[in-house]
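Below: the structure, in structure tokens.
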Number of protein chains: 2
Amino acid sequence: MNLITISREFGSGGRELGKRLADLLGYDYYDSEIISAIAEKSGLDKGYIEKALEQHGWQNYPITFNASFIAPIYTDPGRVDLLQDQKAVLDEIAAKGKNCVIIGRNADVLLEKYDPLRIFVCADMDAKVKRCFERASEGENLTEKEMRRKIKQVDKARAQTRAILSGSSWGDPQGYHLTINTTNWDLKALAGALASFVNTYFEQ
Amino acid sequence: MNLITISREFGSGGRELGKRLADLLGYDYYDSEIISAIAEKSGLDKGYIEKALEQHGWQNYPITFNASFIAPIYTDPGRVDLLQDQKAVLDEIAAKGKNCVIIGRNADVLLEKYDPLRIFVCADMDAKVKRCFERASEGENLTEKEMRRKIKQVDKARAQTRAILSGSSWGDPQGYHLTINTTNWDLKALAGALASFVNTYFEQ
């Protein structure tokens, strides 16, 4: 099984790159599917899971159960359970033994024993801000300053979550096979170049 | 002109990778040639230039003139002149307008206006130590601990030299298009994969 994990800075285009890469390689692709599977396991709301696992680090967050509001979590055990559920879902994906691309979720660390090709995707702050504005959902009216702050916050939370799981630092090139700065790339062209690069890696 | 700059951690195999890449692409290749050209410009000894520019940072170092010992330098002006000579040599290379690969020498910063494809090459410490022992010259009998220290010292000096020239940090992925960890790669296979990657970049 060829397993590719993609970690990425918020707004770097890592998700789109991973999807394009999976399509070109004919690999399975896992992103929000993982959250759905955790929701099924835990009975918790997808939005809650996503935020609890990543976007808000270990902060308290109102909890919902099957989309119904219950109560704020003020303790860590809920988060730990979620991390365990996440690990279980990732293990199930890997156990299928099919070539795949997994976006985020610390899959590079949690599935380390499968020796994944670990890719980190970054970009210049200006490029990330531009991308975030382009894909911002309606009603999300952030100023540029607020967008920069949001990008930094999300990445900080990702780094913190990884720090809980691994000795290596999120974004440190030593922890990845390849670190790609998407700033000057057309993502479609980059995905093509990357697909060829990846094939050589797995064939060597 | 397609210009590729390769910055690298000591012992990562960046130099070999760059040479193989240049050969595969049919690009000119510049490494020790740059030191020779500076020696010609300045009349200084090649060994001195190399150490003064990189390996020993801004420390004092005995100076030789046309390979004859003169005196220790206790001031900075000599180093500044050398950096200027280095810049002049790099400018002359770029002015030729021919596709090329340049190893080290902060060419990514000094030739920024030519919009080089900036590659950084790193590797795990264990892999770097192994490579350094394999290529160590006769008489260089370092213990493993000493070799680790040497690797860290060389990289620290490289980072310091870059800090003088640029606001961005040496080795920070934001400053490069691509950061490659050579640890699990066969360098010949990697050079092939990289050549194809590079061609896509310049063609997009």
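Below is a table of values for the structure above.
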item	result
Candidate set: the range A:166-180, residues that are of a type outside the set (Asp, Glu) and without any contact (Cβ under 8 Å) to a residue 60 or more places away in the chain; chosen: the one nearest to the other protein chains (Cβ to nearest Cβ)	A:173
Any hit, the range B:188-204, residues being within 23 Å of residue A:121 (Cβ to Cβ), charged (D, E, K, R), loosely packed, with under 14 Cβ neighbours inside 10 Å and more than 7 Å from chain A (Cβ to nearest Cβ)	yes
Positions within the range B:113-130 being within 13 Å of chain A (Cβ to nearest Cβ) and over 16 Å from residue B:152 (Cα atoms), in sequence order	B:115, B:116, B:117, B:118, B:119, B:120
Selection count, the range A:9-49, where residues are assigned to a helix (DSSP H, G or I) and modelled with pLDDT of 85 or more	22
The range B:108-140, subset of a type in the set (Gly, Ala, Ser) and modelled with pLDDT of 95 or more, residue surrounded by the most Cβ atoms within 10 Å (Cβ to Cβ)	B:123
Evaluation of residue B:168 against (1) on the phi < 0 side of the Ramachandran plot; (2) in contact with a Cys (Cβ under 9 Å, 6 or more places away or on another chain) (one fails), failing number	(2)
Among (1) more than 30 Å from residue A:115 (Cβ to Cβ); (2) under 15 Å from the mean Cα position of the chain (by Cα); (3) at pLDDT below 95 - the single one residue B:143 does not satisfy	(2)
Qualifying position, being β-branched (Val, Ile, Thr), crowded, with 16+ Cβ neighbours inside 10 Å and modelled with pLDDT under 95, among B:161, B:179	B:161
Some residue of the range A:90-104 being out of contact with any helix residue (DSSP H, G or I) (no Cβ under 6 Å at 6 or more places or on another chain) and closer than 19 Å to residue B:173 by Cα	yes
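The values are calculated or read from the model by the stated rules, or taken from the named source; none is laboratory data. These numbers were taken from a predicted model, which means no experiment stands behind them. Positions of Cβ are generated from backbone atoms using ideal geometry, with glycine treated the same way; all protein chains shown enter the neighbour counts.
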